[in-house]
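Only one structure is covered here, and it is reproduced in the block below.
The values are calculated or read from the model by the stated rules, or taken from the named source; none is laboratory data. Predicted model, so just to flag it, every value in this text is computed and none were measured. Every residue, glycine among them, receives a Cβ derived from its backbone with ideal geometry; neighbour counts consider all protein chains shown. The accessibility values were calculated without ligands, DNA or RNA, using every heavy atom of the protein model including side chains. Shrake-Rupley method; radii C 1.70, N 1.55, O 1.52, S 1.80 Å.
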Amino acid sequence: MSTVVSQSVAGRKTIYLPREHGATAMVITPIVCAAILARTWRWSELATLAAAFAALAAKDPLVVLMRQKFVWKQPNAATPHAARWFAGYALVLAASGLVLLRAWPLEAIVAMGAGVVAFSLMAIWVNVKNKQRSTVFQIASAAALTSSSLATCLSATGAIRPWCWWLWVLLAMQATAGIVVVHARLDARIALHGKAPAGLQFRRAALIAVGVLAGGSVAIFVFERWWLALALALAAGGYTYDLRRQQNSAELQRPLVSVGRQALTLATVYALLLVAGLW
C-alpha cells in the first residue's frame, strides 16, 4: 500500500491517496462480494466503505508522522501537511465508527477494532523499519485487506454469516497467492537486470500458495461445490502459468501495468465464481 505523491514545481502540497491498485482491489472486491451475497441493504454499508478507504489512505501520512518522531533527527517540512491529512482521515474513520457502533454488536466492534489497530501498528512498524518485503507481513496484509468482507456482512446483516467466513478465507487465499507471485516476479526482474541475485523467498512462498489453492480445489470438489472448486482451480492454474512465464526473460520485460491488468482480471473472475458458489 502506498500513496500518490503529487508535487509540482510550484510547490503544491503532497496528496495522500491510495494508489496501489492491487491493495485497493483487495479491499473493495470483498465489500462488493459481501454486499451481493447479503441480499439486503443498509446505509451502514456506506460507512464500511468510507472506513475502509480512510484506513487504507491514512497509513502513509501516519508513517511520515512516525518517522518524524522515531527516525528523523530534524523537523521535516512534510510533517505538518501529513498531520493534516491524517487528521482528515481520522475524522472520516471516527464518523464511520459512530455509524457502525449503531449497526454492529458490541463484541464485533471490539473484535474488529482490535484487529484493525493490531494490523495498523504492524504496518506502520514494517514501513518505518523498511521491512515491507517480509513474507509474514504480506500474508497478514492479504488477510487484513480481505476482512472488509466481514465488516460489510456485519453492516448488512448485523452478524457474520457462515457464508461470509468462507468468502473471507477463500478471498484471502487468492490474495496471498497473488501477492507472493507478484513479489516473485519483481525479484526475477531485478535479477534479470543484474542488480541482485534472484531471490527465492517469494517464489517458494508462491509455490506453496498455489499448492494450497489446488489442494483446496480438490477438497471442495469432493463436496460437490463446483463453482468454488472451479474458482480455486482457476486461481491455481493462473498463478502456476505466471510463475512459469517468470522464467522467460522476454516475459519479465513486459510492462508491469499489463501484468497488473491480467492479475486484476483473474482476481475479478475468481470473485465472481465465489459469489456464484456461495449464492
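If the condition is being modelled with pLDDT under 50 and in a loop (DSSP other than H, G, I, E, B), then the range 1-31 contributes Met1, Ser2, Val4, Val5, Ser6, Gln7, Ser8, Val9, Ala10, Gly11, Arg12.
Condition first: free of Cβ contacts under 8 Å to residues at least 60 places away in the same chain, in contact with a helix residue (DSSP H, G or I) (Cβ under 6 Å, 6 or more places away or on another chain) and hydrophobic (A, V, I, L, M, F, W, C). Now tell me which residues in the range 235-260 satisfy that. Matches in the range 235-260: Ala236 only. Of all residues in the range 30-59, those satisfying the criterion of being closer than 25 Å to Tyr16 by Cβ and small (Gly, Ala, Ser) are Ala47, Ala50, Ala51, Ala52, Ala54, Ala55, Ala57, Ala58.
Please determine whether any residue of the range 87-103 is among the basic types (Lys, Arg), in contact with a helix residue (DSSP H, G or I) (Cβ under 9 Å, 6 or more places away or on another chain) and modelled with pLDDT under 90. I'd like the intermediate steps shown before the answer.
Taking the range 87-103 and keeping what is among the basic types (Lys, Arg), we get 102.
Next, only the ones that are in contact with a helix residue (DSSP H, G or I) (Cβ under 9 Å, 6 or more places away or on another chain) stay: 102.
Right, trim to modelled with pLDDT under 90 and you get 102.
Among the residues of the range 87-103, at least one is among the basic types (Lys, Arg), in contact with a helix residue (DSSP H, G or I) (Cβ under 9 Å, 6 or more places away or on another chain) and modelled with pLDDT under 90, which makes the answer yes.
Note on the range 107-165: among residues that are free of Cβ contacts under 8 Å to residues at least 24 places away in the same chain and aromatic (Phe, Trp, Tyr), the one that is surrounded by the most Cβ atoms within 10 Å (Cβ to Cβ) is Phe137. Being touching a His at 6+ places or on another chain (Cβ under 8 Å), within 28 Å of Val32 (Cβ to Cβ) and in a helix (DSSP H, G or I) holds for only one residue in Gly260, Gly216, and it is Gly260.
Determine which member of the set Ser134, Ser147 is closer than 21 Å to Lys59 by Cβ, of a type in the set (S, T, N, Q) and in contact with a Gly (Cβ under 9 Å, 6 or more places away or on another chain). Show your work before the answer.
Numbers: Ser134 fails: in contact with a Gly (Cβ under 9 Å, 6 or more places away or on another chain).
Step by step, each of Ser134, Ser147 is checked, and only Ser147 is closer than 21 Å to Lys59 by Cβ, of a type in the set (S, T, N, Q) and in contact with a Gly (Cβ under 9 Å, 6 or more places away or on another chain).
Consider Ala34 carefully, then state whether it is open to solvent by less than 30 Å² (accessible area, probe 1.4 Å), assigned to a helix (DSSP H, G or I), within 24 Å of Ala143 (Cβ to Cβ) and at pLDDT below 90. Outline the logic, then answer.
On the way: open to solvent by less than 30 Å² (accessible area, probe 1.4 Å): yes; assigned to a helix (DSSP H, G or I): yes; within 24 Å of Ala143 (Cβ to Cβ): yes; at pLDDT below 90: no.
It is false that Ala34 is open to solvent by less than 30 Å² (accessible area, probe 1.4 Å), assigned to a helix (DSSP H, G or I), within 24 Å of Ala143 (Cβ to Cβ) and at pLDDT below 90.
Take Ala205 and tell me if it is surrounded by 14 or more Cβ atoms within 10 Å (Cβ to Cβ), in contact (Cβ under 8 Å) with a residue 60 or more places away in the chain and closer than 23 Å to Ile31 by Cα. Can you show your working first?
Working: surrounded by 14 or more Cβ atoms within 10 Å (Cβ to Cβ): yes; in contact (Cβ under 8 Å) with a residue 60 or more places away in the chain: yes; closer than 23 Å to Ile31 by Cα: no.
Spelling it out, it is not the case that Ala205 is surrounded by 14 or more Cβ atoms within 10 Å (Cβ to Cβ), in contact (Cβ under 8 Å) with a residue 60 or more places away in the chain and closer than 23 Å to Ile31 by Cα.
Can you say whether Ala82 is touching a Pro at 6+ places or on another chain (Cβ under 8 Å), open to solvent by 20 Å² or more (accessible area, probe 1.4 Å), among the small types (Gly, Ala, Ser) and touching a residue at least 40 places away in the same chain (Cβ under 8 Å), as far as the supplied structure shows? Considered against the rule, which asks whether it is touching a Pro at 6+ places or on another chain (Cβ under 8 Å), open to solvent by 20 Å² or more (accessible area, probe 1.4 Å), among the small types (Gly, Ala, Ser) and touching a residue at least 40 places away in the same chain (Cβ under 8 Å), Ala82 comes out as no.
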